[in-house]
Amino acid sequence: MLSPENKLSGLGLLVWGICALFFMYEFSLRTILGTFQYSIMYDLSLSPFSFSVLSTTAFLLTYGLMQLPAGFIVDRYGLKKTLAFAISICVISSIAFSFSYQFKTAVIVRMIMGVGASFGFICLLVAVYDWMPKKFYGLFIGLSQFIGTMGPMLSAGPLNSLALNAKADWRTILLSLGFLGGILLVFVILYVKNNEDNIGVFRVIKKPEPIKKDLLRVIGQSQVWLIALYSALVYFTIEYLSENEGKAFLELNGFSSHYSSYMITIGWLGYAISCPLLGVLSDIFKRRKMVMIMAALLSFISIIFIVYQPISKTIVACAFFFLGFGAGGQSVAFAIMAEQCSKTYLAVGLAFNNTMITILSSVNAPVIGWLLNYNNNAGTLSLADYYFAFPFVITLIAFSIIISVFFIKETFCRPTKGFTFV
């Protein structure tokens with residue numbers, strides 16, 4: 001089936017660009033707490049476990065649970081209304097978090113923030129599939145990831161430097177992010193439009209089916225589960241190190257606070273570069289599985305060097321870059337997931353993939369926090385505590401290799417589900 005348009009349109013690029021900016025914005029909100037871990041823990045009297053609950057679990061739990069409803073909401077109400085609603089939630093919760101002084105209040109606000117942010121990637125994917133020519137799907141999914149990861153890169157590096165140089169605390173930064181979101185909301189209201197002619201030259205003439213049927217079609221496929229599990233396992237480490245213990249672990253190895261923050265930025269830079277690059281490579285060679293295997297292997301080797309061989313700045317920088325680069329394999333996983341789903345339930349399939357990524361991250365993060373607390377007898381974390389807990393992270397990446405090598409089936413960049421015309 002041909003795409004309705006074989007070339008890019010200016011309006012399509014504008015809509016996609018605004019959606020990409022929102023993804024970057026919500027990604028920054030997702031990871032910003034890790035940049036200010038020590039000050040937030042001090043101000044709210046948190047342990048490593050409770051901080052992981054606040055930073056990762058509270059956000060990603062609601063973020064993940066909302067992925068399927070988000071897909072349904074976009075389908076029903078359209079891109080413009082959904083995007084405006086989501087940004088409004090993010091703006092309100094960002095400002096509210098800056099005024100949180102108790103752990104319980106902060107957790108509730110963080111969960112609400114996760115609800116708003118949950119629409120970011122789904123809206124972006126819908127913009128790609130609604131406005132971009134089919135032959136550019138892999139490229140624009142990758143470019144979307146590239147732009148989105150500017151958010152955590154800004155959080156870990158420039159925002160951290162701004163906070164240090166301007167003596168701005170985390171409350172001021174969160175308040176400022178809230179106002180920036182308000183500006184983005186104005187752009188959505190003015191420029192974002194729904195594409196009313198996005199299902200191709202041939203119309204699919206059939207009555208809408210209940211949401212339950214679409215969901216059952218998705219979860220009834222073993223390949224969908226395997227792809228989603230791979231996505232979650234290969235991606236988790238870079239987000240965990242960004243939101244939680246990455247900076248603290250590097251400081252214990254003798255690196256400065258400033259350098260440690262920029263290593264997180266380097267990791268996201270690798271991720272940002274790899275997402276479009278791996279997408280294009282998989283498109284060119286017509287091999288999704290091969291690229292996914294390569295990405296998982298690269299992540300595994302990189303985390304080994306980060307944990308056990310952080311002996312120089314050069315080695316650490318290269319390891320973080322390639323850890324992020326390998327995490328970009330989940331971008332290819334979104335492309336192969338799309339090829340496992342019919343157009344009628346594409347949004348549900350993509351949402352399910354994102355759900356698995358976030359739900360597993362929300363569960364894994366406190367597990368590592370618990371392991372750190374369990375082995376800690378001195379009150380202050382030491383390298384021995386990290387050496388006890390971090391093999392769990394390494395094991396997760398190892399499982400992503402096993403899944404991609406032995407269980408995921410190659411699609412050769414072709415849809416596995418046909419369209420029904422009546």
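The values are calculated or read from the model by the stated rules, or taken from the named source; none is laboratory data. Source: prediction; values computed, not measured. Here Cβ is always computed from backbone atoms with ideal geometry, including for glycine, and neighbour counts include all displayed protein chains. All accessible areas refer to the heavy atoms of the entire protein, side chains included, with ligands and DNA or RNA removed. Shrake-Rupley method; radii C 1.70, N 1.55, O 1.52, S 1.80 Å.
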Take the chain, connect every pair of alpha-carbon atoms lying under 10 Å apart with a spring to form a Gaussian network, then pick out the residue of PHE49, PHE146, PHE388 with the largest mean-square fluctuation. PHE388
Leaving out ligands, DNA and RNA, what percent of the accessible area of the stretch 355-422 is carbon and sulfur, probe 1.4 Å? 68
Please report the relative contact order for the chain, taking Cα pairs under 8 Å with a sequence separation of at least 6, and give it as a percent rounded to a whole number. 25
Can you compute the modelled spin-label distance between ALA317 and ASN194, with each label point 7 Å from Cα toward Cβ, in nm? 4.9
The FRET efficiency for VAL280 and TRP225, from their Cβ-Cβ distance with R0 = 22 Å and rounded to 0.05, is 0.25
For VAL188, VAL126, write out the residues from largest to smallest accessible area, computed with a 1.4 angstrom probe and no ligands counted. VAL126, VAL188
If LYS212, LYS417 are ordered by their accessible area, calculated over protein heavy atoms with a 1.4 Å probe, which sequence runs from highest to lowest? LYS212, LYS417
Using just the alpha carbons, could you tell me how many Å³ per residue the convex hull of the chain encloses? 129
Helix 170-191 sits off the longest principal axis of the Cα atoms of the chain, rounded to the nearest 10 on a 0 to 90 degree scale, by 10
Charge dipole of the chain about the Cα centre (unit charges at C-beta), most positive-ward option of ALA84, TYR345, TRP170: TYR345
Starting at the first residue of the stretch 68-78, write each ³J(HN,Hα) from the Karplus equation 6.51 cos²θ - 1.76 cosθ + 1.60 with θ = phi - 60°, in whole Hz, x for Gly and Pro. 5, x, 4, x, 5, 5, 4, 4, 7, 9, x
If each residue of separation counts as 0.36 nm, what is the full-extension length gain between SER45 and PHE407 once their alpha-carbon separation is subtracted? 125.9 nm
For the chain, with only Lys/Arg (+1) and Asp/Glu (-1) charged at the beta-carbon, what is the dipole magnitude about the Cα centre, in debye rounded to 20? 1140
For LYS409, counting only lysines whose alpha-carbon sits under 17 Å away and dropping same-chain residues fewer than eight positions off, the answer is LYS286, LYS289, LYS417
Please list 3J(HN,Hα) in residue order for the stretch 349-354, calculated via the Karplus relation 6.51 cos²θ - 1.76 cosθ + 1.60 where θ = phi - 60°; whole Hz, with x for glycine and proline. x, 5, 5, 4, 4, 5
In whole Hz, what ³J(HN,Hα) sequence does the stretch 405-412 give by Karplus (6.51, -1.76, 1.60; θ = phi - 60°), x for Gly and Pro? 6, 9, 10, 6, 9, 6, 9, 6
Reported to two decimal places, what Rg/Rh ratio describes the stretch 37-141 when computed on Cα atoms with Rh from the Kirkwood expression? 1.09
At 1.4 Å probe size, with every protein chain present, just tell me what the per residue accessible area of the chain comes to in Å². 40
In degrees between 0 and 90, to the nearest 10, how far off the longest principal axis of the chain does helix 257-285 point, with axes built from Cα atoms? 20
GLN309 versus VAL363, label points 7 Å from Cα toward the beta carbon: distance in nm? 3.3
Compute the long axis of helix 222-243 from its Cα atoms, compare it with the longest principal axis of the Cα atoms of the chain, and write down the angle in degrees, 0 to 90, nearest 10. 30
For the chain, set up a GNM with springs between Cα atoms under 10 Å and report which of LEU216, LEU277, LEU125 has the largest fluctuation. LEU216
Would you kindly work out the equivalent ellipsoid of the stretch 340-405 from its C-alpha gyration tensor and give its semi-axes, the square roots of five times the eigenvalues, largest first in whole Å? 35, 14, 5
Based on the alpha carbon coordinates of the stretch 312-422, what radius of gyration and maximum Cα-Cα distance (Dmax) apply, in Å? 19.1, 70
What span do the alpha-carbon atoms of the stretch 273-357 cover on each of the three principal axes, reported in whole Å from largest to smallest? 52, 28, 17
Return the calculated 222 nm mean residue ellipticity for the chain, to the nearest 500 deg cm²/dmol, obtained by summing -39500 (n - 2.57) across DSSP H runs with n ≥ 4 and dividing by the residue count. -24500 deg cm²/dmol
Projected onto their principal axes, the Cα atoms of the stretch 218-316 stretch, largest extent first, over whole-Å spans of 47, 29, 20
Given a 10 angstrom Cα cut-off, can you work out which residue in TRP370, TRP16, TRP268 is the most mobile in a GNM of the chain? TRP370
Residue-span extension gain [LEU216 to PHE388] - 0.36 nm each, minus C-alpha spacing: 57.9 nm
